1. So which of Val166, Val187, Val191, Val235 is in contact with a Ser or Thr (Cβ under 6 Å, 6 or more places away or on another chain), away from the ligand (no atom under 13 Å from the Cβ) and at pLDDT 95 or above?
2. Regarding region 102-119, can at least one residue be identified that is within 12 Å of the ligand (Cβ to nearest atom), polar (S, T, N, Q) and either touching a strand residue (DSSP E or B) at 6+ places or on another chain (Cβ under 8 Å) or modelled with pLDDT under 95 (or both)?
3. Condition check: hydrophobic (A, V, I, L, M, F, W, C), within 15 Å of Asn236 (Cα to Cα) and within 13 Å of the ligand (Cβ to nearest atom). Does Leu24 satisfy that?
4. Would you check if Glu44 is away from the ligand (no atom under 16 Å from the Cβ), within 24 Å of Lys122 (Cβ to Cβ), out of contact with any Asp or Glu (no Cβ under 6 Å at 6 or more places or on another chain) and in contact (Cβ under 8 Å) with a residue 24 or more places away in the chain?
5. Within region 73-88, take every residue that is within 27 Å of Leu229 (Cβ to Cβ) and away from the ligand (no atom under 15 Å from the Cβ) and give me the one that is farthest from the chain's Cα centre (by Cα).
6. Return yes when Ile192 is within 15 Å of the chain's Cα centre (by Cα) and surrounded by fewer than 18 Cβ atoms within 10 Å (Cβ to Cβ) and no when it is not.
7. Tell me which helices (runs of 4 or more DSSP H) are completely within region 132-206 and hold 3 or more residues being under 21 Å from Val235 (Cα atoms), or say none if there are none.
8. Hey, among Arg206, Arg159, which residue is under 22 Å from Ala132 (Cα atoms) and of a type in the set (Lys, Arg)?
Amino acid sequence: MTAVLFIHGFPFDHAMWRHQVTALSRWQSIAPDLPGVGETRGPESTDEYSVALYAADLVAVLDRLKVEQAVICGLSMGGYIAFELLRSHAQRVRGAILCNTKAAADTPEAKRDRDAMAMLAKQSGSSAIAEALLPKLLARATFERRPEIVSEVRGMMTRVPVPGIVGALHALRERSDSTPLLKTIHVPVLVIAGEEDQIAPAAGMREMADAIPGARFVLIPEAGHVAPLERPDAVNTAIGDFLRKLS
Ligand code: MLT
């Protein structure tokens, strides 16, 4: 049975994939929390967090489950980690699903924003981070018509421990540019974009898909940056179609 490794974004946890894990039950779903999130221990110092550390932790999860190869499915930061798996652990990757993500590294301005956010997390806690990020995360339709999704996303961010947030911000600001990797990817790839994503805009995701040999691109209407929670049915259809062609 094909295994799918779901990799959550920042500052989220495994629960962001709950609809996919339920709906895609004919495949083996693996949806861990990354180091510093939930029950998964992070390194002692937040400076030790990196995209490579997250990727190595996921390889260890596959090893423990005796899964030789998986389809990796990452959202945003999970996508950055997926690029690292493709770069450094390619033999473990059967295919890749890249949701709401981008290949470029942080600009100097984005790095300054990461530092300000780390300061805010240390001073005011996870709920301040949740309030600061929320307006950018969801589509207009989600805010207007789906208050339960807004609460779910806020709750998920609020429960991420501060060291996990600060460590992730360090990993994000230090990550390398994955643009040169794109043309070298030779496994099947599905790219899923949210029409109203403000963090990983759909136009950039389409360009990213065009740069990956043979990649499929799916645009999810009325979705922002958290398409798997905002439009689960559309995302599940896209992922299910992709997986059926692989297995
Ligand atoms: C995420 O959802 O993982 C974050 O938006 C990633 C980022 O801030 O670059």
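The values are calculated or read from the model by the stated rules, or taken from the named source; none is laboratory data. Since the structure is predicted, the reported quantities are computational estimates derived from the model, not experimental observations. Glycine gets a Cβ as well: all are built from the backbone with ideal geometry, and neighbour counts include every protein chain shown.
1. Result of the check over Val166, Val187, Val191, Val235: Val166.
2. There is no residue in region 102-119 that is within 12 Å of the ligand (Cβ to nearest atom), polar (S, T, N, Q) and either touching a strand residue (DSSP E or B) at 6+ places or on another chain (Cβ under 8 Å) or modelled with pLDDT under 95 (or both).
3. No.
4. When the stated conditions are applied, Glu44 does not pass them.
5. Once the filter is applied, the top-ranked residue is Leu86.
6. No.
7. The qualifying helices (runs of 4 or more DSSP H) are 140-145, 147-158.
8. Arg159
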